[in-house]
1. So what is the 222 nm mean residue ellipticity for the chain from helices alone, if each DSSP H run of at least 4 adds -39500 (n - 2.57) and you divide by all residues, rounding to the nearest 500 deg cm²/dmol?
2. Which order do the peptides 38-45, 328-335, 56-63, 262-269 take when ranked by the mean count of other beta-carbon atoms within 10 Å per residue, highest first?
3. How big is the chain in terms of Cα radius of gyration and Dmax, in angstroms?
4. With r as the distance between the Cβ atoms of residue 128 and residue 321 and R0 = 51 Å, compute the FRET efficiency 1/(1 + (r/R0)^6) and round to 0.05.
5. For a quick check: with amide H placed at 1.01 Å from N, whose amide H comes under 5 Å from residue 246's, ignoring anything fewer than 5 positions away on the same chain?
6. Just grab the label-to-label distance for residue 280 and residue 300, each label 7 Å out from Cα along the Cβ direction, in nm (one decimal).
7. Assign unit charges at the C-beta atoms only (+1 for Lys and Arg, -1 for Asp and Glu), then state the dipole size of the range 20-373 relative to its Cα centre in Debye, rounded to the nearest 20.
8. If each residue of separation counts as 0.36 nm, what is the full-extension length gain between residue 244 and residue 314 once their alpha-carbon separation is subtracted?
Amino acid sequence: MGLLPSGVAQPASSDDLDLSARLRPVDSANILIDPGLYTWCGSAIRGEDGRYYLFYARWPHGPRKPDDDSLNRIFNGFKGWQKYSEIAVAVSDGPTGPYRHLKTILKGGFERDRWDRYTFHNPQVNFFEGRYYLYFISNGFTDDMHFTKPLSREQLHWYKYNCTQRIGVASSPDIKGFLDGGFRRNPDHLVMPDSIRTWEVTVNPSVTRGPDGRYYMMYKSRKPDLGHMTFWMAVAPTPEGPFTHYAEVSTRADMACEDPYLWYDRRRGRFYAIAKYFSRTGTLAPEFGSLVLLTSADGKDWLPARHPLVSLRRLRFKDGHETTLAHLERPFLLFDHRGRMQALFAAASVRDPFRNTSVSVPSDENTFNVHIPIGRR
């Protein structure tokens, strides 16, 4: 069963989570930004040394050189994520920052015949059974693309990269392994489109351990022929798979979402997912691009949560002012060792970064990662 409108049914009484009421104002210490790079996709975890490590995506501003592709201009500016994104690590003494960049740990090597030839994007870090797991997406390139919808030469070329996006994983027994290159990267992908339920892409992976000890992944795909975004669930006996289809989450156009963050709430006995709302119908939230909350008792039948709005595209600052954002997406929750929420991480921009492909990007068109403190109640 897919996601139903909130007027159709109500979640069970255990669904009392109201994240919107617990988000606290931010200041500059809660923002990671680099004047020369786009910063996106933040996912943080407490390391074995007691410090906090932020895995995030980044790539340079400006136009692209031809490199191995005469049409490389399609990756100018913010669109460069599709080919040039890399996964970096930053560190902080506290959960909400300030974070300081350390190094890049995953970057495309442009090697032929690899599924992970180019971009590394959508990082999410987890700690399962004594080991750290970093889920991500990457892509290759294929000339074997056929669409029924008319496409320009540049659109078709874009999809030759876009439609090879798949989900992978790297792991290490400690954070040090990610920093010194001692981590293990699975040579093959974990999930790819099956052309039965999912088409074109498998991206935005989020993994949690369920009450039965299995590992549940929520991810984004599409319907055929460049259709709207859809969410799906897969399940595996181990954090590294094999992942098999479990359920659909949201496949209707008016429920279109992306960027899920999935977790199992043991106190409430249910799965939750925060997502970016990608529909203008107002079914889940009054504003396109809002962060919304979905829930399920079993991971199969999903509903809007009783308090479905997590955040509009706004940031509240400690000095009292509020900023309207062009983007607020890629949500991630950081929990402490007792399972209490500490912060909501998200990628953001004040103005639309797709507007500018020049070398110099104005500060209000740059992107950043924000770490929003979460109160207890």
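1. Dividing the helical sum by the residues of the chain leaves -1500 deg cm²/dmol.
2. Peptide ranking by packing, descending: 38-45, 328-335, 56-63, 262-269.
3. 19.5, 57
4. For R0 = 51 Å, the calculated efficiency reads 0.80.
5. 233, 234, 235
6. Here the modelled spin labels are 3.7 nm apart.
7. 560 debye
8. Between residue 244 and residue 314, full extension yields an extra 21.5 nm.
Read-outs throughout are calculated quantities, based only on the coordinates presented, and are distinct from any laboratory measurement. The structure presented is a predicted model; accordingly, all values stated were derived computationally and were not measured. So basically every Cβ, Gly included, is an ideal-geometry build from the backbone, and we count neighbours across all protein chains shown.
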